[in-house]
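First comes the structure, then the notes that go with it.
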2 protein chains.
Amino acid sequence: MYRTHKCGDLRMENVGEEVILSGWVQGSRDLGYMMYTDLRDRYGITQLIFIEENTSKELFEKARTLGREYVVRVKGTVLERKSKNPNIPTGNIEIAVSDLEILNVSKVPPFTIENDTDGGEDIRMKYRYLDLRRKPLQESLMFRSKVAVETRSFLSKEGFIEVETPVLIKSTPEGARDFVVPSRMNKGQFYALPQSPQTFKQILMVGGLDKYFQLVKCFRDEDLRADRQPEFTQIDCEMSFVTQEDILNTFERLTQYLFKTCKGLDFGKFPRMTYDEAMEKYGSDKPDIRFGMEFHNLNDLAKGKGFPVFDSAELVVGINAEGQAENYSNKDIKKLTEWMQRPQIGAKGLVYVKFGNDGSVKSSVGKFYSEDDLRAWGEEFGAKKGDMLLILSGEEEKTRKQMNELRLEMGTRMGLRKPQDFKPLWVVDFPLLEWDEDSERFHAMHHPFTSPKKEDMERMMNGDHETMKSLRADAYDLVINGVEIGGGSIRIHDKDLQSKNFDLLGFTKEEAEAQFGFLLGAFEYGAPPHGGLAFGFDRLCAVMMTGEGAIRDFIAFPKNNQGRDMMIDAPSLIHDEQLDELCLAINLPDED
Amino acid sequence: MYRTHKCGDLRMENVGEEVILSGWVQGSRDLGYMMYTDLRDRYGITQLIFIEENTSKELFEKARTLGREYVVRVKGTVLERKSKNPNIPTGNIEIAVSDLEILNVSKVPPFTIENDTDGGEDIRMKYRYLDLRRKPLQESLMFRSKVAVETRSFLSKEGFIEVETPVLIKSTPEGARDFVVPSRMNKGQFYALPQSPQTFKQILMVGGLDKYFQLVKCFRDEDLRADRQPEFTQIDCEMSFVTQEDILNTFERLTQYLFKTCKGLDFGKFPRMTYDEAMEKYGSDKPDIRFGMEFHNLNDLAKGKGFPVFDSAELVVGINAEGQAENYSNKDIKKLTEWMQRPQIGAKGLVYVKFGNDGSVKSSVGKFYSEDDLRAWGEEFGAKKGDMLLILSGEEEKTRKQMNELRLEMGTRMGLRKPQDFKPLWVVDFPLLEWDEDSERFHAMHHPFTSPKKEDMERMMNGDHETMKSLRADAYDLVINGVEIGGGSIRIHDKDLQSKNFDLLGFTKEEAEAQFGFLLGAFEYGAPPHGGLAFGFDRLCAVMMTGEGAIRDFIAFPKNNQGRDMMIDAPSLIHDEQLDELCLAINLPDED
C-alpha cells in the first residue's frame, strides 16, 4: 500500500496514529542531529521529521540523500508539532518517520516548484510536467474541472442532452481557416476539424433533440496572437421552440449558478445593452462596465469654433477621468499621448481639459476655446473640480476604438477594474450584416445562420442594398468585465431566408449547395424554430478565477505562438510512407 | 411563446386547461367531420382533435393541409379522451385545438419516422436528421448522455479531475495508423490526432495531478470493419500511488454504479480470470460467461487410438452442447460443419458425439473409437443423456479460436446469451509481450508503457529471449458478455525499465528518443508509480442498453465503412489555395 492518507489530510486528532504517506520531496532542512522534510502531493504538504537518536543510522543516512522532487513512501507516527505553522491545514502535526522507501529519484528541476517560480515561459512549457506540480496551475485545472462539472450538472437538470458531434467534418472556406486532415481511404480528399459544431447542432434541432449541449473542442488555424490557441473548448448549446428571451434567461441562470457554486457569489439580473448603445457609450461591443467613464459626444460643443482638427473631424468624443487633474503633469500627459500614438492604437493626438482643485481650467486647446467653452464641455460630463477630460477626434469608427483603449487604460490606472469585481452584461441587437469596403461585400456579423429580427425579415427579403446595412439580428453576446464570454443567435429555419442570406454573403447557389446543401436540405423537412449560443470555456474559467481573460494557465498543454507543443515537440516531420499512403507531396517554398 | 407544455406532459389533471404545444405532425386521421392529428416532440406524443362544428372553417381547412413532419404550434383546451390509449403516458387526454400556426412545412420524408423504419442504412445515414427523430435513436443518445453524466458524477466524487488533453499532437508510428494534420505555420510538418491520450495522462501523473479522467475523442485511421469508427470516445483514467488492486476496485465500483443508476441493476463482486485460464477454457481473452460450455482438452483421451486427424493434431478440444443431441439431424450437423468451414473461421472439420435419450452413443468418428472410448469422453464433460459433444482439432492457437466461435454460436442458438443478462468479468495477468513470427519481433500486448509484474522485473532486465515470452504484466481488461469494454495497466515509471521495453519492442535509442523523449525525460524528474485504464464509451453504452456491442446507433453522426459522413458528404476536395498555404501537392496514383 502506497498511502493511508494524502499529504493534506492529517490533523491534531490523528496524533499517535501510524500512517503511510507518499509524495514528492518539496525540500529539507538538515540540522545535523535532526532533519525536516516537506512531503507534497496534490492535496497538501506534510512535514516529516527524522531524529538521529530515535531512528536507525541507515534510515537517517537515507533521509539525507533525499533531493528535491524525489518520490518517496514513508511510514511513521503522527506527532503534535512544537512549532506550529498556522498557514497550512496540516501545520499542527508532523510525522516521525520509521520507514522510508525511495520510489523514484529526480534530477534537479530546471526551475523551482513554488507558487512563484523562477522559470521563464519557454522552459515552463518544455517541462510542463514540472510546471503542473505548482499549486497555481493545479488550482487552475481543478477549478476548470469544477466549472465543467457544474455546467453539466445545471444543463442536464434543465433537460439538455449532451451529444458528441464529429471532429472529422468538411472544410468550409467561410470564417477562419480550417485545419484539414487528409483522408487515406478517399484519396485526394480532406476532412476538416470543426471551428464549431454550428451546423451539427442545428441538424440536431431538425432531428428533434430539442435541447442540446456539449463541452467541445474547436479548432482554428489562425495566426496566433498572444493568448489565442489553435484548439480551444466551447460550452455549445442549442434549443428548439425558443425566443431570444428564453435563451438569455437560461444562460443567465447558468452563469449565475456557476458563480454561485464555484465562487460563492450571487448576482442579480444581468443588465442588457444594445450593440448601438455599447458602441456609442464605450466604443466597444464588449464594454467593461465595472466603471462608468462613458463617452460623451462633443461635436455640437467643440466644432465650428475655429479649431481645424476638431472642425474637420467626423467625431469629437471625450471621457472624464474623475479626480485626475492634479495627478497628470504636462509630462504625464505627453507620455499618455505617446502611448495613444503607438501603432497598436494609432491616435493622432490627445486633448485634455483639466478642472483644477483651485477652480482653474487648463487645456491643450486653450487658445482655440474660451474658458466658457471649456466649462460648457465640463458641464456635458458633469465634471467637478479636480476632474480631467480626455478628448479624441477623427473618423468616427476609428476614434471610438481609440477612445475605448484610452478608457480601459484610465480605468486600470485609476484602480477601477478590480479582478474580483464581476460585472456581467448582455449586449443585444447586433447588426445582421457588416459591409466590408475592401472586398465590397457583406460579412455575417455573427455567422451565416443568424436570423434577422422578425420585424426585419420582410425588409431583408425585399429591401435594397442600403436597407441590408440596417438589418438587426436576434444575436447576443455575454460580456464579463470587458471580456467576451460568448454569444449566439436565433437561427434561420426557413430555406428561402437562408438562401437569401447566403446570396447576400456572396455565395453562388452552387457554392451554397456544395457547402451547406445538407443544411438547406434539412430545412425542407420540417426544421423547427431554434437558436442557441456558445461560451468560450477556457476564457470563462480564466475570467471567473482571475478576473481576466488570459487562458494559458487554464489549459493543461497549451501551444506557443508558433502553434508548437514545446514539450512533445509537435508538429513534426512524418515518414515518407505516411505521405505516400495519403498521396501527398510536400512542396516547400525556396528559401531565398 | 412556443409552448406551455411538452408533448409528453399532459395528464388527466390538466383537463380543462388552455395549453400551447409545438412539435411535429406524426400523422393524421381525417374522419370528414373531425380530424385527429398526433403531435410529436422529444418528450412524447399528444393527440390533437379538430371538430368541424366547433372550429372555424379556416382552422379546419388549415388542419387538413398538415402533412407528415410539418412543424406546428397549437393552442387549445385539454379534454379527456373518450377512447383512451393505455400505451402512452398522454393517452388519457387530447387537445381541442382553437389556434393553429404552421411554423414550417415538410416534404414527404424518404422513410417513415417510426420505431421500426422502412429506411435502408444508406438513406438513413444521408438523412440522419430524419433518422434522429426516431424514438430508438433519441433514446440511445439520451442514454449515452445519462451514462456520461453518471460517469462524471462518480469520478468527480472520487476525487478525479477531468483534464482536457490536446487533440493536435505528434505522430508516432507505433500502434494503429494516425490521422495527420498539416501545419501551416510549421511548413512541411504535421500534427497527429491522438489514438489515445496515453502519454499525456502519464505526464499528468508525473505532474502530480494524482487522479485524472476524461471523456475524450480518439482517432484511428484503420480500414473500417463493420462497427468500427475512425473517431470514438473513451472514458480515460489514470491514478498515482496505486496498485492493480486499487484500479480494479475503483472501476468495478464505477461499473456497478453505472448499471445501478442507468439500468437499476445490482451486481456483486466481478469474477476475475487470468488470461491463461480464459484462453484455456474459452479460447478468447474476452469470454462470454453468461453461459458455461467450457472447453475440455481431449488430447489424453482421443489421441493415440488410430484416428490420424486427431493423432497428428496439436490439440483436440471439445464442448458439450447440453440437450442438443436430439435437435441436430445429420443434415443439421452438416450445415453447422459448413458454417465452421467458412473462410472467416476456417475449421477443417467438426466431430460430434451424441448421447441419445435412449442411451445410445453416436459419433462421426465411431469407427475409430469404441463406445467405451466415447463414453469416457462424455465423462470428461459430465455429459448426460441428450447431450452432444462438438470436437475440433488442429494447431493449438487456431483451434481454440475456432472453438470460441463455435461455442458462441451454440450459445446463441441455445438461447444462452440473453441481451439483458449482464455478466462482467475481469481478465488479468496478460502477457507483457507478444512474439510476432512474421516480423520476427515483439509487440506490446497492451502498449509500450505497460509494466511487467514486480516479480518479473528482474527477469525482464536480465533474461534471455525465451524468458521475455513468459513475462506477465499488470494488465487487465473488463469484459461484459463477451464484449471488451476496456482495459489498462500499471505503467512503467522507471526510465531504465522503459528504455529496456522500447529496446525489446525494436526501437533504436534514437527512435525512442525522437518519439517519446519527453516521457523518458519526465521519468527523470520524479515520476510516481501510476496506472490506469480506458473504457470504450460508445461500446459501454451499446452493451449496457442493448446487451450487444454494436455502436452505430449510439453515435449521433457516424461514418460509413469508407470513412465517409454521408450527410455532409465529407471528406471532400479542398481549394488549391488551401493546399498551397500548406505547401502540399496531391499525387493520385494512375488509374490504370
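So the values come out like this:
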item: Scope the stretch B:135-153; condition open to solvent by less than 20 Å² (accessible area, probe 1.4 Å), touching a helix residue (DSSP H, G or I) at 6+ places or on another chain (Cβ under 9 Å) and either more than 8 Å from every other protein chain (Cβ to nearest Cβ) or within 17 Å of residue A:200 (Cβ to Cβ) (or both); matching residues; result: B:137, B:140, B:141, B:144, B:145, B:147, B:151
item: Yes/no for residue A:28 being free of Cβ contacts under 8 Å to residues at least 24 places away in the same chain, open to solvent by 20 Å² or more (accessible area, probe 1.4 Å) and among the polar types (S, T, N, Q); result: no
item: Test: residue in the stretch B:205-219 that is assigned to a loop (DSSP other than H, G, I, E, B) and surrounded by fewer than 20 Cβ atoms within 10 Å (Cβ to Cβ); result: no
item: Leading residue by the ranking (least open to solvent (accessible area, probe 1.4 Å)) among those in the stretch B:118-134 that are more than 8 Å from chain A (Cβ to nearest Cβ) and not in a loop (DSSP other than H, G, I, E, B); result: B:125
item: Given (1) within 17 Å of the chain's Cα centre (by Cα); (2) without any contact (Cβ under 8 Å) to a residue 12 or more places away in the chain, number of the condition residue B:157 does not satisfy; result: (1)
item: Test: residue in the stretch A:210-229 that is small (Gly, Ala, Ser) and facing another protein chain (nearest Cβ under 7 Å); result: no
item: Those residues of the stretch A:302-324 which are of a type in the set (A, V, I, L, M, F, W, C) and open to solvent by 60 Å² or more (accessible area, probe 1.4 Å), in sequence order; result: A:309
item: Pick from the stretch A:182-198, criterion crowded, with 20+ Cβ neighbours inside 10 Å, at the interface with chain B (Cβ under 8 Å from one of its Cβ atoms) and within 23 Å of residue B:554 (Cβ to Cβ), ranking: farthest from the chain's Cα centre (by Cα); result: A:191
item: Single match in B:572, B:499 (criterion: within 26 Å of residue A:103 (Cα to Cα) and among the polar types (S, T, N, Q)); result: B:499
item: Residue check, residue B:172 under 30 Å from residue B:441 (Cβ atoms) and either more than 17 Å from the chain's Cα centre (by Cα) or without any contact (Cβ under 8 Å) to a residue 24 or more places away in the chain (or both); result: yes
item: Residue B:166, sole failed condition from (1) within 25 Å of residue B:565 (Cβ to Cβ); (2) surrounded by fewer than 22 Cβ atoms within 10 Å (Cβ to Cβ); result: (2)
item: Hey, residue B:369 farther than 14 Å from residue B:390 by Cβ and surrounded by 13 or more Cβ atoms within 10 Å (Cβ to Cβ) or not; result: yes
item: From A:509, A:454, residue being open to solvent by 50 Å² or more (accessible area, probe 1.4 Å) and under 18 Å from residue A:245 (Cβ atoms); result: A:454
item: Selection from the stretch B:518-535 of residues that are more than 7 Å from chain A (Cβ to nearest Cβ) and either in a loop (DSSP other than H, G, I, E, B) or closer than 16 Å to residue B:248 by Cα (or both); result: B:523, B:530, B:531, B:532, B:533, B:534, B:535
item: Residues of the stretch A:521-564 satisfying the condition of being modelled with pLDDT of 95 or more and hydroxyl-bearing (Ser, Thr, Tyr); result: A:525
item: Any hit, the stretch B:71-90, residues being in a helix (DSSP H, G or I) and surrounded by fewer than 17 Cβ atoms within 10 Å (Cβ to Cβ); result: no
item: Failed condition for residue B:420, given (1) at positive phi; (2) open to solvent by 80 Å² or more (accessible area, probe 1.4 Å); (3) in contact (Cβ under 8 Å) with a residue 12 or more places away in the chain; result: (1)
item: Any helices (runs of 4 or more DSSP H) falling wholly within the stretch B:229-331 and containing at least 3 residues that are in contact (Cβ under 8 Å) with a residue 60 or more places away in the chain; result: B:244-263, B:275-282
item: Selection status of residue A:165, more than 8 Å from chain B (Cβ to nearest Cβ), in contact (Cβ under 8 Å) with a residue 40 or more places away in the chain, β-branched (Val, Ile, Thr) and within 23 Å of residue A:540 (Cα to Cα); result: no
item: Residues being more than 10 Å from chain A (Cβ to nearest Cβ), acidic (Asp, Glu) and surrounded by fewer than 24 Cβ atoms within 10 Å (Cβ to Cβ) - total across the stretch B:230-256; result: 1
item: Residues located in the stretch A:575-588, provided they are at the interface with chain B (Cβ under 7 Å from one of its Cβ atoms) and either touching a Cys at 6+ places or on another chain (Cβ under 7 Å) or open to solvent by 20 Å² or more (accessible area, probe 1.4 Å) (or both); result: A:575, A:578, A:585, A:586, A:587, A:588
item: Any hit, the stretch B:546-554, residues being open to solvent by 10 Å² or more (accessible area, probe 1.4 Å) and either within 11 Å of another protein chain (Cβ to nearest Cβ) or of a type in the set (Gly, Ala, Ser) (or both); result: yes
item: Pick from the stretch A:93-117, criterion more than 31 Å from the chain's Cα centre (by Cα) and open to solvent by 60 Å² or more (accessible area, probe 1.4 Å), ranking: farthest from the other protein chains (Cβ to nearest Cβ); result: A:98
item: Output for the stretch B:1-36, where each listed residue is modelled with pLDDT of 95 or more, within 14 Å of chain A (Cβ to nearest Cβ) and assigned to a loop (DSSP other than H, G, I, E, B); result: B:2, B:3, B:4, B:5, B:6, B:7, B:8, B:9
item: Condition check for residue B:408: part of a helix (DSSP H, G or I), within 21 Å of the chain's Cα centre (by Cα), in contact (Cβ under 8 Å) with a residue 12 or more places away in the chain and in the same structural domain as residue B:313 (by TED's automatic domain parsing); result: yes
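The values are calculated or read from the model by the stated rules, or taken from the named source; none is laboratory data. Not measured: the values here are computed from a predicted model. Counting neighbours? That spans all protein chains shown, and the Cβs are built from the backbone with ideal geometry, glycine included. Please note that ligands, DNA and RNA were not included when accessible areas were found on the heavy atoms of the full protein model with its side chains. Shrake-Rupley method; radii C 1.70, N 1.55, O 1.52, S 1.80 Å.
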